[in-house]
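Below is one structure, written out as structure tokens; the observations come after it.
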Amino acid sequence: MNEIITIDGPSASGKTSVAKLVAQRLGIPYISSGLLYRAVALMCLLENASAEEIEHRLEKHRLELKATPTQNLVYLDGHEVSQALHSLEVDQIVSAVAVRPAIREYVNQVLRQIPPPFVVDGRDMGSTVFPQARYKFYLTANPLVRAMRRVPERGAAFDTVLAEIMRRDEADKKQSAPARDAIILDTSHLDLDGVVRVVLEHIAPSSGPPEQNFS
Ligand code: DC
């Protein structure tokens, strides 16, 4: 397998967990593209700078993503910052970072340098960054279900998390449309294993009993 598999979807749709497990089962790396936007948002927080200001300073920073089959490590100027990328503070400003075309171009260049095979999750991986990918999936889920899934990760109240998810759905709408050739999966009523099974079934259909031929 030397393919690129894209798994896009809105925040808390489960795409990162699904991408990790699919990659593990296939024995290939997974890449979370959102981490790169989060790292740029962290730059803003660390430098007390706006997204617009950071856009002009990207070249001063060194951003690296190291992918393993089980996790992604993000290094900012040589320091590992992965743990700091999932705070509510980063959640709150990352959309303002991700709408800036020059920042998107910067992140896309980093992504396109990664040699396949890999599973990559994001918003526009199938539509824009890797339109040539052989397998494209788009996960959706009801916002209430997504908020319930995210509360334990954030340690914040349900209402706060739900409001943040709905605000981000709106802010990220532009870059979040599914690729025209993506397989769309509503995961509201599926658990993680269920989604992974459906995705793997599309990539490597199990050889069931031979089809009967009536001709
Ligand atoms: O998937 P995530 O929640 O880690 O993404 C963080 C933010 O980055 C999210 O607000 C949308 C944005 N993003 C994007 O615009 N394009 C991507 N390919 C990935 C993430």
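Using alpha carbons only, how many degrees (0 to 90, rounded to 10) separate the axis of helix 15-26 from the longest principal axis of the chain?
On a 0 to 90 degree scale, this one is about 50.
Can you tell me the 0 to 90 degree angle between the C-alpha axis of helix 192-203 and the longest principal axis of the chain, rounded to 10?
60 degrees
Could you order 6, 140 by accessible surface area, starting with the largest, using a probe radius of 1.4 Å?
140, 6
Please list, by residue number, every one of the trypsin sites (Lys or Arg not before Pro) in the stretch 60-107 that is coil in DSSP and has at most 15 other beta-carbon atoms within 10 Å.
Those that pass, being in a loop and sparsely packed, are 62.
Work through the residues other than residue 25 whose Cβ is under 12 Å from its Cβ and net out their charges, Lys, Arg +1 and Asp, Glu -1.
Net local charge, residue 25 excluded: 0.
At 222 nm, what value in deg cm²/dmol follows for the chain if DSSP H runs of at least 4 each add -39500 (n - 2.57) and the sum is divided by all its residues, to the nearest 500? Show your work: numbers first, answer last.
On the way: 8 runs with 92 residues, N = 215.
One gets -13000 deg cm²/dmol as the mean residue ellipticity at 222 nm.
Any idea what % of Cα-Cα pairs in the chain are farther than 24 Å? Walk me through the intermediate numbers first.
Numbers: 9733 of 23005 pairs.
Beyond 24 Å sits 42 percent of the P(r) for the chain.
For the stretch 163-174, in order, what is each residue's ³J(HN,Hα) by Karplus, 6.51 cos²θ - 1.76 cosθ + 1.60 with θ = phi - 60°, in whole Hz (x at glycine and Pro)?
Per residue, the Karplus-derived 3J(HN,Hα) values read 4, 5, 5, 5, 5, 6, 4, 5, 5, 9, 3, 4 Hz.
What angle do you read, to the nearest 10 degrees and between 0 and 90, between the alpha-carbon axis of helix 88-98 and the longest principal axis of the chain?
Approximately 80 degrees, to the nearest ten.
Show 85, 144 ordered by accessible area, largest first, where the area counts protein heavy atoms only and the probe is 1.4 Å.
Numbers: 85 0, 144 90 Å².
The most accessible residue leads, giving 144, 85.
Springs between alpha-carbon pairs under 10 angstrom, Gaussian network model over the chain: which of 156, 67, 23 fluctuates most?
156
The values are calculated or read from the model by the stated rules, or taken from the named source; none is laboratory data. Bear in mind that the values here come from a model prediction, so they are computed numbers and not experimental data. For neighbour counting, all protein chains shown are included, and Cβ atoms are generated from backbone atoms with ideal geometry for every residue, glycine included. Each accessible area value is taken on the protein alone, full model and side chains, heavy atoms only, with ligands, DNA and RNA left out. Shrake-Rupley method; radii C 1.70, N 1.55, O 1.52, S 1.80 Å.
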